[in-house]
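Undergrad: Below you will find the structure I want to go over with you.
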Amino acid sequence: MEGLVSSMEHILDVKDLTMDFGGLRAVDSVDLYVDKKEIVALIGPNGAGKTTFFNCITGIYNPSKGDIKAITHSGAAARLNGLKPNRVTERGLARTFQNIRLFQNMTVLENVMIGKHCRMKAKVLGALLRDRRTRAEELKAANESYEILEKIGLAKFSDEIASNLPYGAQRKLEIARAMATEPSLLLLDEPAAGMNPQETRELTDLIRQIRDNEDISILLIEHDMKLVMNLSERIYVMDHGQKIAEGTPVDIRNNPEVIKAYLGEDIDA
């Protein structure tokens, strides 16, 4: 169900999201929204339900209850419940994963071009016959993919096999491939996992650059509290499947429920 909405609508608006697995409630009545050109973080201890929440939004799971709505490129509101992941991507949501999921034996450029396929018009027959229109579309996709690599700082690796890239560059390549789908919202699942401090600083700058220059909103799950506090405009906190807090970094840093959930950890680390 899609309809025109005002420009004041949230890019992503999640209401009462609930996900049950048999007798286990992994996500319990969570509300969350992301506005245009906003960087929002979703944090919480391991097992809090954060990745399950992402999986519901992106079509991997069909939630037991609740509503997921997003604003498409056309300015229409789309209800995402029950849509397959590729249909969710077509409506402007793209994600990366906690564990890197690249096509390891393909080149860096080819990996990004795969992200372009959801926006290409060529049908199976055209791809098989490689007619003029299909070849022109593939060339356009290759050029646009290379431009994304330039923006991400990976153009020098364009012909390299993805598995040969340094770890931090592989993380960036996942983001580049997601950007190739032309999203309005980018969902990053622990993008700094396994990165050293220098790589994390570069990632922080890159996420800001994407938001500022590409008109893309960001929703990220992250355990690196320094990155979260430096980067996010708003933060949601989950624990045991429930949302226990939301607010600015200052609000979250001083929230007693959050401090309790982290068992006294310094969340301003």
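Undergrad: So which residue, out of K116, K151, K50, gets the largest mean-square fluctuation from a GNM of the chain using Cα contacts under 10 Å as springs?
TA: Looking only at K116, K151, K50, the largest GNM fluctuation is found for K151.
Undergrad: So, one more: Which distance in Å, rounded to a whole number, links the C-alpha centroids of segment 33-89 and segment 221-243?
TA: The distance from the Cα centre of segment 33-89 to that of segment 221-243 comes to 16 Å.
Undergrad: Rounded to the nearest 500, what is the chain's calculated 222 nm mean residue ellipticity when only DSSP H runs of at least 4 contribute -39500 (n - 2.57) each, over all residues?
TA: That calculation yields -11000 deg cm²/dmol at 222 nm.
Undergrad: Can you give the angle from 0 to 90° between the axis of helix 197-214 and the longest principal axis of the chain, with both taken from C-alpha atoms, to the nearest 10?
TA: 70
Undergrad: Say the dipole of the chain comes from +1 at the beta carbon of Lys and Arg and -1 at that of Asp and Glu; which of G168, A180, L24 then lies farthest toward its positive end?
TA: Of G168, A180, L24, it is A180.
Undergrad: Right, here's the next one. The chain: percent of C-alpha pairs farther apart than 24 Å? Before the final figure, lay out each step's value.
TA: Details: 18183 of 36046 pairs.
Roughly 50 percent, rounded to a whole number.
Undergrad: In degrees, nearest 10, range 0 to 90: what is the angle between the Cα axis of helix 132-152 and the longest Cα principal axis of the chain?
TA: Tilt of helix 132-152: around 40 degrees.
Undergrad: Fully extended, how many nm does the chain gain between V250 and S163 (0.36 nm per residue separation, minus their Cα-Cα distance)? Don't skip to the end; give the middle numbers.
TA: Numbers: separation 87, 0.36 × 87 = 31.32 nm, distance 3.97 nm.
Working it through step by step, the gained length comes to 27.4 nm.
Undergrad: Taking the chain as a Gaussian network, where each spring joins two C-alpha atoms under 10 Å apart, which residue of R211, R234, R253 fluctuates the most?
TA: For the chain, modelled as a Gaussian network with Cα springs under 10 Å, the answer is R253.
Undergrad: Ok, one more. Could you tell me which of the pairs K151/K172; K151/K226; K65/K172; K36/K156 are separated by over 22 angstrom between their Cα atoms in the structure shown? Before the final figure, lay out each step's value.
TA: Details: K151/K172 11 Å; K151/K226 24 Å; K65/K172 34 Å; K36/K156 32 Å.
Violating the 22 Å Cα-Cα cut-off are K151/K226; K65/K172; K36/K156.
Each reported figure results from applying straightforward, stated rules to the coordinates on display, with no laboratory input. Computed from a predicted structure; not experimentally measured. Glycine gets a Cβ as well: all are built from the backbone with ideal geometry, and neighbour counts include every protein chain shown.
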